[in-house]
């Protein structure tokens, strides 16, 4: 019951974050606001404010809709599979994506939550590589099936898209997957009866059975030799 309530709470946080994005975009259109200066402007001190606010700003309704779908699917996968590391992962991706763009990005305002979603995608992918448990692998396949195009999103194939945000978000995801690979507990693996029957005792090393057999034969040989000696003494007397 406690786990169910915690899951519902975290899914509620995802919905709250998405609602905030839509409220910001609505306010931008209703009040005719220019929010681009809140994005990351590489190399400018004033552009550092975008490290915090750029994932909240979008260029259009279409831009927001695409990112909202990714936030919902990938956020739910992160929430379900990695309950202990999810928040630290999001913080690292958020900061690495923003700072990386500020240092290496092209001269322009970089906005949108796509750096965040690409980071979560790459986290799910490499967490499965590092952990190799069934749940992580299943979540990785879901992420690839739903958003496999993000594998190429880190490449500069469209000048109007901030591939820098995608790239450094992905780097943040890989870093997080490595750092937190052992934090979340792995699901228990069911052990079947036939596995126990076919397995050998772990407290024996190869060759010990043979050594034990030889040890058991030695006393038998000694007894036979003693019996032969006794018979010889009897014959002498």
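The values are calculated or read from the model by the stated rules, or taken from the named source; none is laboratory data. Small disclaimer: the values here were computed from a predicted structure and weren't measured. Methodologically, a virtual Cβ is constructed for each residue, glycine included, from the backbone with ideal geometry; neighbour enumeration extends over all protein chains shown.
The table that follows gives values for the structure above.
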read-out: Checking residue 72 against (1) closer than 21 Å to residue 149 by Cα; (2) in contact with a strand residue (DSSP E or B) (Cβ under 9 Å, 6 or more places away or on another chain), the condition it does not meet; value: (2)
read-out: Whichever residue in segment 126-136 is part of a helix (DSSP H, G or I) and in contact (Cβ under 8 Å) with a residue 40 or more places away in the chain and, among such residues, is nearest to the chain's Cα centre (by Cα); value: 127
read-out: Boolean, residue 112 is in a helix (DSSP H, G or I) and buried (at least 20 other Cβ atoms within 10 Å of the Cβ); value: no
read-out: Selected residue [over 21 Å from residue 127 (Cβ atoms) and either in the same structural domain as residue 128 (by TED's automatic domain parsing) or surrounded by 14 or more Cβ atoms within 10 Å (Cβ to Cβ) (or both)] from 79, 8; value: 8
read-out: Those residues of segment 145-181 which are under 11 Å from the mean Cα position of the chain (by Cα) and either modelled with pLDDT under 95 or not in a loop (DSSP other than H, G, I, E, B) (or both), in sequence order; value: 173, 174, 175, 176, 177, 178, 179
